[in-house]
Amino acid sequence: MSEESKGIREGVEESKGDPRLVLLLNAVLSAWFAWVVVWGLDRLGVTALNAANVGTLALIIFGVTYLAVLR
């Protein structure tokens with residue numbers, strides 16, 4: 001068969017991407033999502049918007065996505 005007939009699964013399985021990029025994207029997106037969640041909770045008066053709360057939640061999100069996706 002020709003190269004055009006390959007599906008997305010074959011393309012992803014054959015990818016030789018750099019895992020450091022995946023970790024970097026995971027860290028950045030986890031931090032952004034944690035900031036959005038803590039900001040929303042601050043608006044609702046549930047918790048304060050500060051670096052400790054955002055950092056803690058970002059580490060939790062990063063860890064969960066790392067275990068779910070990369071392991």
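The values are calculated or read from the model by the stated rules, or taken from the named source; none is laboratory data. These figures come from a predicted structure and were not determined experimentally. Every residue, glycine among them, receives a Cβ derived from its backbone with ideal geometry; neighbour counts consider all protein chains shown.
Taking Gly55, is it small (Gly, Ala, Ser) and either at pLDDT 95 or above or on the phi > 0 side of the Ramachandran plot (or both)?
Working: small (Gly, Ala, Ser): yes; either at pLDDT 95 or above or on the phi > 0 side of the Ramachandran plot (or both): yes.
Yes; evaluated as a whole, the condition is true for this residue.
If you go through segment 9-50 one residue at a time, how many are at pLDDT below 95, among the aliphatic types (A, V, I, L, M) and loosely packed, with under 10 Cβ neighbours inside 10 Å?
Residues meeting the conditions: 2.
Contact list please: Cβ distance under 6 Å, first residue in segment 46-71 and more than 30 Å from Asp18 (Cα to Cα), second residue among the aromatic types (Phe, Trp, Tyr) and in a helix (DSSP H, G or I), pairs at least six apart or on different chains.
Pairs that qualify, where the first residue is more than 30 Å from Asp18 (Cα to Cα) and the partner is among the aromatic types (Phe, Trp, Tyr) and in a helix (DSSP H, G or I), are Leu49/Trp39.
Scan segment 17-37 and report the pairs whose first residue is farther than 14 Å from Tyr66 by Cα and whose second residue is of a type outside the set (Phe, Trp, Tyr) and assigned to a helix (DSSP H, G or I), with Cβ atoms within less than 7 Å and a gap of 6+ or a chain change.
Short answer, once both residue conditions are applied: Phe33/Ile61; Ala34/Val54; Ala34/Leu57; Ala34/Ala58; Ala34/Ile61; Trp35/Val54; Val37/Leu57.
Filtering segment 51-60 down to residues that are within 24 Å of Leu70 (Cα to Cα) and of a type in the set (A, V, I, L, M), which residue is surrounded by the most Cβ atoms within 10 Å (Cβ to Cβ)?
Of all residues in segment 51-60, those within 24 Å of Leu70 (Cα to Cα) come to 54-60.
Remaining after also requiring of a type in the set (A, V, I, L, M): 54, 57-60.
On the way: Val54: 19, Leu57: 20, Ala58: 22, Leu59: 14, Ile60: 12.
The residue in question is Ala58.
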